[in-house]
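The values are calculated or read from the model by the stated rules, or taken from the named source; none is laboratory data. Just so we're clear, the structure is a prediction, and the values are computed from it rather than from any experiment. Cβ: placed from backbone, ideal geometry, glycine included. Neighbour counts: every protein chain shown.
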Amino acid sequence: MLDQIKQVIQPILQQENTALVDIIFRRESGQQVLRLLVDREGGIRLSDCVILNKKISQALEESGVIAEGYILEVDSPGVDRWFSGRQDYERARHRMVRVTLNEAVLDKKEYIGKLEEALESAIKIEVKKKGIIEIPYDKIVRARQEVEF
């Protein structure tokens, strides 16, 4: 069913220059909830989520892909969630990130720096006092965007 839902909502997301980060469809407190986590370059705002919710709700209703009643939630994935794929790195370009490694790169297993580039097999981050360093994806245990104040 998730693939059918994705087929219905993908054209709307593309039209709105928005990426689907995650899709969750499960029973919560006795009701079915369809939660769509979305993002776009520059971040997603509440007003964007409201517009998407209306368009997606209408498209899902017209498609009949979900037969039973459900609650639709369109939300931001949150700035502090762990990255789950290369697309997360691409969306975080030019932002501060925290990267934890399974083995040391230049004598460190954790870096905080500005994500400069997301390559095919590695990322490049600019780190204070070290400059730009390249870290292969296979050495990354986890990474997320850092909240800047």
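So the values come out like this:
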item	result
Number of the condition not met by V50 [criteria: (1) surrounded by 14 or more Cβ atoms within 10 Å (Cβ to Cβ); (2) assigned to a helix (DSSP H, G or I)]	(1)
Selected residue (criterion: surrounded by the most Cβ atoms within 10 Å (Cβ to Cβ)) from residues of region 1-18 that are within 18 Å of Q32 (Cα to Cα) and without any contact (Cβ under 8 Å) to a residue 24 or more places away in the chain	K6
Close pairs (6 angstrom Cβ cut-off, 6 or more residues apart or separate chains): touching a residue at least 12 places away in the same chain (Cβ under 8 Å) in region 75-91, assigned to a loop (DSSP other than H, G, I, E, B) and buried (at least 17 other Cβ atoms within 10 Å of the Cβ) anywhere	S76/I44
Those residues of region 60-88 which are in a helix (DSSP H, G or I), more than 11 Å from the chain's Cα centre (by Cα) and buried (at least 16 other Cβ atoms within 10 Å of the Cβ), in sequence order	L60
Residue in region 101-132 that is farthest from R86 (Cα to Cα), counting only those that are in a strand (DSSP E or B) and touching a Gly at 6+ places or on another chain (Cβ under 8 Å)	V127
In region 133-146, the residues that are touching a residue at least 40 places away in the same chain (Cβ under 8 Å) and either part of a strand (DSSP E or B) or over 15 Å from K109 (Cα atoms) (or both)	I140, V141, R142, A143, R144, Q145, E146
Selection status of I112, of a type in the set (A, V, I, L, M, F, W, C), crowded, with 17+ Cβ neighbours inside 10 Å, over 27 Å from I51 (Cα atoms) and not assigned by TED's automatic domain parsing to the domain that holds V50	no
Matching residues in region 5-17 - criterion: being at pLDDT 95 or above and among the polar types (S, T, N, Q)	Q7, Q10, Q14, Q15
